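Q: Can you keep this structure in mind? I'll have questions shortly.
The values are calculated or read from the model by the stated rules, or taken from the named source; none is laboratory data. Since we're looking at a predicted model, the values are computed, not measured. Glycine also receives a Cβ, built like all others from the backbone with ideal geometry; neighbour counts cover every protein chain displayed.
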Amino acid sequence: MDIVSIWGVELEGSGAKVILEGSNKVMVKQSLQFEFRASNNQAEYEELLARMKLARELGTQVLTTKSNSQLVTLQVNKEYEAKDPHLMKYWDRARKQAVLFEKFTLIHVLRTLGLE
């Protein structure tokens, strides 16, 4: 199944919700609970990594996903360098996951527009 869009990033303090929608309109929902105190950027990376993992588990080869975090989007797309040691670890994990897909696209959307 190719995931043509992913909607998610409902950050809820110490957790987030991940919603996947495939080309056949089948939706999969997953909740995340963070067992640690996460900054907004760490939470955005955790949510992205969870989406990527879930998509791989569903056999997805082509993943197009959206993020309302400009920093995470620019870092993952190699347009901005991750300098913070914690974010560098997340960036490295995200890049390693991205290459496992036949095609991976991360698109930035404005927070005010939502992810739909």
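Q: Looking only at segment 93-112, filter to residues that are of a type outside the set (A, V, I, L, M, F, W, C) and under 11 Å from T73 (Cα atoms); which one of those is surrounded by the fewest Cβ atoms within 10 Å (Cβ to Cβ)?
A: Applying the filter and picking the extreme gives T105.
Q: If I ask for residues that are within 10 Å of the chain's Cα centre (by Cα), charged (D, E, K, R) and surrounded by fewer than 19 Cβ atoms within 10 Å (Cβ to Cβ), which ones from segment 50-70 would you list?
A: K53
Q: Looking at (1) more than 23 Å from L110 (Cα to Cα); (2) not in a helix (DSSP H, G or I), find the lone condition where K66 falls short.
A: Among (1) more than 23 Å from L110 (Cα to Cα); (2) not in a helix (DSSP H, G or I), the lone unmet condition for K66 is (1).
Q: Still on this structure, I have one more. Of everything in segment 71-116 that's among the polar types (S, T, N, Q) and either outside any helix (DSSP H, G or I) or at pLDDT below 90 (or both), which residue is nearest to the chain's Cα centre (by Cα)?
A: Filtering segment 71-116 for residues that are among the polar types (S, T, N, Q) and either outside any helix (DSSP H, G or I) or at pLDDT below 90 (or both), the one nearest to the chain's Cα centre (by Cα) comes out as T105.
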